[in-house]
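Have a look at the structure below before the remarks.
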Amino acid sequence: MKTIAQTLAALLAGIFFLVACSGDPETPPPPPAEEEEVVDIWKDYDAGNIRFENRAATTPGGRVTGAIAEKDPLFFDKIARRVLAILYFSPEDSITKVRNLTIRLEDFDGVAYATSDNTGNIIAMSCRWIGSTFLDTRDTVKVADEIIGVLLHEMTHVYQLEPRAPGGYGSNAEVWACIEGTADAVRYLAGSFAENDVGAGGSYMDGYRTTGFFLGWIQKTKDPDFLRLFNRAALHVQPWTFPAAFRYALGDSADINALWVEYQAYRRTVN
Ligand SMILES: [Zn+2]
């Protein structure tokens with residue numbers, strides 16, 4: 001005859017068995033929804049004919065970049081799709097159309113810049129900069145991460161919408177700060193900056209990281225769609241200004257100066 005303890009043990013084992021069997025072993029676990037969705041949405045989008053042109057193949061920077069591009073034929077294409085997924089909701093949006101994009105490695109002082117000619121868009125990267133990064137680290141993965149970071153910024157210039165306001169990028173300080181800030185915001189939101197890669201202070205009109213990390217902070221703390229709406233504001237807000245673009249993206253009560261003060265309080269806790 002079973003003791004009470006044995007009966008209890010048998011009963012508990014039965015309960016555990018039931019619990020263990022309640023999940024259907026035939027059903028695979030659901031895929032990680034968000035990542036799958038991003039890849040799936042942009043998989044078939046025509047981001048343009050992206051090709052790599054190595055004009056510095058014999059330099060250390062040229063050799064390491066050539067090896068990275070050869071190892072993964074979709075290396076540059078994948079960066080373009082990451083940029084598109086951060087700037088736009090879906091391929092159905094009004095997206096800056098890119099026919100040809102040449103990633104050109106050249107011998108010049110500096111890091112990289114985006115331009116265009118009669119063949120289409122061009123991003124020029126400096127083999128000197130890549131070469132010195134490689135010689136500093138001797139680590140191809142670190143060099144690839146550096147290239148990805150810089151290309152997230154430069155490819156944003158290729159795909160982002162340009163605000164329309166008098167003077168434009170060349171002589172309108174707000175448009176300039178928007179263009180350069182958005183490019184660093186994309187790099188920040190792609191996880192290609194450290195949180196303390198910018199200091200406190202300055203103004204949202206300073207462009208680059210000072211503007212970019214602010215835009216990224218808004219997205220992380222106020223609205224997960226912020227940068228897509230901020231980019232889209234270029235189509236709907238005319239003449240374009242920072243305060244008006246913020247109201248378009250966040251609602252009529254949005255006050256960019258109050259948000260900047262709040263952001264600076266956060267920034268001082270990081271640095
Ligand atoms: Zn730029």
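No value in this document is a laboratory result; all are computed from the given coordinates. As the structure is a prediction and not an experimental result, all values here were calculated from the model. Positions of Cβ are backbone-derived with ideal geometry, glycine not excepted, and every protein chain shown enters the neighbour counts.
Quick look at the numbers
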item: Karplus-derived 3J(HN,Hα), 6.51/-1.76/1.60, for each residue of the range 96-111, Hz, glycine and proline x; result: 4, 7, 10, 8, 10, 10, 9, 8, 10, 8, 9, 9, 8, 6, x, 10
item: Extension gain (nm, one decimal) between ARG104 and GLU70, 0.36 nm per residue minus Cα-Cα; result: 10.8 nm
item: 22 Å Cα-Cα threshold exceeded, pairs from LYS97/LYS222; LYS43/LYS71; LYS97/LYS142; LYS78/LYS142; result: LYS97/LYS222; LYS97/LYS142
item: By average C-beta atoms within 10 angstrom, highest first, the peptides 159-166, 264-271, 71-78; result: 159-166, 71-78, 264-271
item: Residues TRP240, TRP260 arranged by fewest to most Cβ contacts within 10 Å; result: TRP260, TRP240
item: Residues whose placed amide H lies under 5 Å from that of PHE108, excluding near-sequence neighbours; result: CYS127, ARG128
item: ASP46/SER132 FRET efficiency (R0 22 Å; Cβ-Cβ; nearest 0.05); result: 0.05
item: Cα-Cα P(r), the range 164-271, percent of pairs per 10 Å interval; result: 15, 52, 29, 4
item: Relative compactness, the chain, computed as alpha-carbon Rg over 2.2 N^0.38 Å; result: 1.32
item: Length added when fully stretched, LYS222-HIS236, from 0.36 nm per residue minus Cα-Cα; result: 2.9 nm
item: Residue among THR156, THR137, THR59 with the largest mean-square fluctuation in a Gaussian network model of the chain, springs linking Cα atoms under 10 Å; result: THR137
item: Fewest-first ranking of HIS153, HIS236, using other Cβ atoms within 10 Å as the exposure measure; result: HIS236, HIS153
item: Longest site-free stretch - the chain; sites: GluC sites (Glu not before Pro), DSSP loop, at most 13 other Cβ within 10 Å; result: 93-194
item: Those residues of the range 182-208 whose amide nitrogen sits under 12 Å from the label point placed on ALA173, 7 Å along Cα→Cβ; result: 203-207
